[in-house]
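The values are calculated or read from the model by the stated rules, or taken from the named source; none is laboratory data. The structure displayed is predicted, hence computed values, not measured ones. So basically every Cβ, Gly included, is an ideal-geometry build from the backbone, and we count neighbours across all protein chains shown. Ligands, DNA and RNA are excluded from the accessible area calculation, which covers all protein heavy atoms including side chains. Shrake-Rupley method; radii C 1.70, N 1.55, O 1.52, S 1.80 Å.
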Amino acid sequence: MGWMLVIVSVFVVWVASIWKIFFSHSKPTFLNEDSPLLKKNVLLVLAHPDDESMFFSPTINYLTSRGHTVYLLCMSIGNSDVMGSIRKDELYRACVVLKVQLDRVKVLDHPDLQDGFGQVWNHCLLANIIEEEFYSHVIDVIITFDSYGVSGHCNHGDVHYGVRKFLHDSSPGNIEAWELVSTNILRKYTGLFDIWMSNLDVKRHPRGVMHCLLNEQPRKSFLAMAQHVSQWVWFRKLFVTFSSYTYINTLRKIE
């Protein structure tokens, strides 16, 4: 009887989570609080090919569906396994699925920004690259990892600090910057169920400091990740299927 109650409870929460994504009529206010008709140029700063699909696809789907212009800056080709050229092509294919125009996608292969856990990236170099992209495309908003970087990868954290250095040293005062909030490993692999915890997190903060972006097109996210064939091994399948980042992104303002 006890197990039956647990199973029924899990099923009810799962159905409620599905309803929350596909049938909830609440209107997210991210980037639309002051001027809902104004479309913005958004720069998404990543570390590796597949970051856009594995971690940021709810954000990308939200932005493109509302007419914002998305620029994607990837700081490396992900060459730690000597598959960088393959991974770069996979990123472009994923961007086609996610409706990010390819002429707005930039992937670097800088000798000092090579993929790897032992590779420390220079924050000043990152800030200079971000500054160039910022002014080239008249960027209004920057989105990147937080300091932990979801998976704890040092390159993700370096990208975060590169953005922070740019904001501190060079950016104009009116720039908005947001970071993807990392969660603990238990929440990370609860998939749909983390929607409720993420919404509670947002409510505990002052209005406008955090936003929850539900993935209104999760099928598109799976199709985008499927383009990364070089990474599509069994543990990646499990990660994408059960990762909460496939279904929801919680963004926090960088102050």
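Structure values in brief
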| read-out | value |
| --- | --- |
| Summed residue charge, Cβ within 11 Å of E90's Cβ, Lys/Arg positive, Asp/Glu negative | 0 |
| Paired Rg and Dmax values of region 46-173, which use every Cα atom, in angstrom | 13.8, 40 |
| Average accessible surface area per residue within region 161-230, 1.4 Å rolling probe, Å² | 51 |
| Environment charge at K39 (Cβ cut-off 10 Å; Lys +1, Arg +1, Asp -1, Glu -1) | +1 |
| Projected-area mean, region 133-236, by convex hull of Cα positions, square nanometres | 8.8 |
| Under 11 Å, Cβ to Cβ, from S80 - net charge with Lys/Arg +1 and Asp/Glu -1 | -1 |
